[in-house]
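The values are calculated or read from the model by the stated rules, or taken from the named source; none is laboratory data. Note that this is a predicted model, so its numbers are computed, not measured. With ideal geometry, Cβ positions are generated from the backbone for all residues, glycine too; neighbour counts draw on all protein chains shown. The protein model used for the area step is the full one, side chains on, heavy atoms only, and it has no ligands, DNA or RNA in it. Shrake-Rupley method; radii C 1.70, N 1.55, O 1.52, S 1.80 Å.
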Amino acid sequence: MKHFTLLSFLLFFALAMNAQQVEINWMSIEEAQAAQKTKPRKILIDVYTKWCGPCKMMMKNTFANADVIKYINENYYAVKFDAESPDEVSFKGQLFSNPDYVPNKAGRNGVHQLSRYWSVRAYPTIVYMDEELNILAPISGYKTPQQLELHLKFFSEDGHKTISTQEQWQQYQAAFKPEFN
């Protein structure tokens, strides 16, 4: 009976651990910059706003996908950045702020200078950066896990270094076979 109880507990514990949702290891841009110094990786920045419906859908549907989570955690430093944050942020030795931020304002608020620096013009936008914090591309719009997979793999596998024309990009897209569920 003792062994049965122990075995039942271990089985329950294993199922509970497996059922627990694994999450993307989100960090601040400052934490990502510090991590780059010890273990360089590409950076993915989810630029969102609190009022943005597609941003919330990406968080719920795309960034909760097990394949997306695993791939991002293994290949990128992932940053969440509120494009309307009132916080001062240091990036590449320069301070950025949001001088137009209005406390307690409902809905849209001032746009953070760092969002503008990254050429963000819509939400959500994912900004991809290389290991030296150079912008590879800001890509706007809601993405399903399979749509995101195309860009995740393109940048992590350095496709941006060999594809330079629209025709090459279209060929890459046509040949791409999504593997994410």
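The table below gives the values:
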| item | result |
| --- | --- |
| Leading residue by the ranking (farthest from ILE135 (Cα to Cα)) among those in region 48-67 that are touching a helix residue (DSSP H, G or I) at 6+ places or on another chain (Cβ under 6 Å) and not in a helix (DSSP H, G or I) | ASN65 |
| Residues satisfying the stated conditions in region 22-47, i.e. in a strand (DSSP E or B) and either at pLDDT below 95 or closer than 30 Å to LYS105 by Cα (or both) | TRP26, MET27, LEU44, ILE45, ASP46, VAL47 |
| Selection status of ARG116, basic (Lys, Arg), free of Cβ contacts under 8 Å to residues at least 60 places away in the same chain and in a loop (DSSP other than H, G, I, E, B) | no |
| Residue selected from region 133-160 under the condition in a loop (DSSP other than H, G, I, E, B) and in contact (Cβ under 8 Å) with a residue 12 or more places away in the chain, by the criterion farthest from the chain's Cα centre (by Cα) | LEU133 |
| Residue within region 153-162 that is crowded, with 19+ Cβ neighbours inside 10 Å and on the phi < 0 side of the Ramachandran plot present | yes |
| Tabulated pairs, region 67-96, first free of Cβ contacts under 8 Å to residues at least 40 places away in the same chain and on the phi < 0 side of the Ramachandran plot, second part of a loop (DSSP other than H, G, I, E, B) and not charged (D, E, K, R), C-beta under 6 angstrom, 6+ apart or interchain | GLU84/THR49; GLU84/ASN109; SER85/HIS112; PRO86/ASN98; PRO86/TYR101; GLU88/SER97 |
| Any hit, region 78-97, residues being part of a helix (DSSP H, G or I) and open to solvent by less than 20 Å² (accessible area, probe 1.4 Å) | no |
